[in-house]
Amino acid sequence: CSKLKKVTLSSLSILENISNDAFIRCQSLEEINLPSTVIYIGSKAFYKCGSLKEIFIGDAVKEIGTNAFAGCARLTRLAFGKSLTTIHASAFERTYSLSNVTFSGDGALEVIGDSAFRLSAPTSITFPKNLKYIGLYAFAYNPSLESLVFRSSNITFGTGPFSECNKLKAKNVWYTTS
């Protein structure tokens with residue numbers, strides 16, 4: 001898929017799963033539009049798609065597999081829908097340009113896996129209220145992270161989820177119920 005730049009899947013599609021390794025190393029892929037029927041994005045589905053810049057994870061997606069978008073170095077923006085429950089290990093690791101991450105505030109997200117956003121670059125993160133676990137080194141080595149907002153007080157943390165986030169200061173970590 002060395003020349004593939006854009007993938008648009010019909011809104012009439014019945015596709016539910018993006019298979020493991022489906023678009024692995026498609027270096028020219030810049031844009032993908034997933035149909036609203038997709039509920040699972042497999043492991044390494046978009047691994048090292050170095051030109052991919054932006055993706056909206058639709059409201060039906062419940063699970064994102066291990067390394068699904070790892071190494072997508074030009075990915076800058078990411079928005080998650082309400083049905084997402086699990087982001088597996090290293091799903092967005094080494095997405096160095098990822099500066100904008102938006103979680104649905106009332107979404108179903110419960111688990112952010114180990115190293116899920118390690119070596120990415122969001123400046124601020126507001127976590128959804130249903131979140132229960134943030135894995136080890138989940139957001140570690142992020143040179144841009146300055147603030148966090150938690151909407152739940154019942155989160156379990158793995159080892160060092162925010163290690164080496166040198167711009168993050170305790171005064172910029174908040175808890176809110178709204």
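Might you check whether a residue that is over 26 Å from Gln27 (Cβ atoms), open to solvent by 60 Å² or more (accessible area, probe 1.4 Å) and not in a loop (DSSP other than H, G, I, E, B) occurs anywhere in region 81-101?
No, that holds for no residue.
Here's a check for you: in region 40-71, which residue that is modelled with pLDDT under 95, open to solvent by 60 Å² or more (accessible area, probe 1.4 Å) and in a loop (DSSP other than H, G, I, E, B) is farthest from Phe103 (Cα to Cα)?
Checking each candidate, the answer is Lys53.
Sort through Leu78, Leu109 and tell me the only one that's in a loop (DSSP other than H, G, I, E, B) and crowded, with 20+ Cβ neighbours inside 10 Å. Give the derivation first.
On the way: Leu78 fails: in a loop (DSSP other than H, G, I, E, B).
Exactly one of Leu78, Leu109 is in a loop (DSSP other than H, G, I, E, B) and crowded, with 20+ Cβ neighbours inside 10 Å, namely Leu109.
The values are calculated or read from the model by the stated rules, or taken from the named source; none is laboratory data. Since the structure is predicted, the reported quantities are computational estimates derived from the model, not experimental observations. As a convention, Cβ positions derive from the backbone with ideal geometry for all residues, glycine included, and neighbour counts pool all protein chains shown. Only protein heavy atoms, including side chains, enter the accessible area calculation; ligands, DNA and RNA are left aside. Shrake-Rupley method; radii C 1.70, N 1.55, O 1.52, S 1.80 Å.
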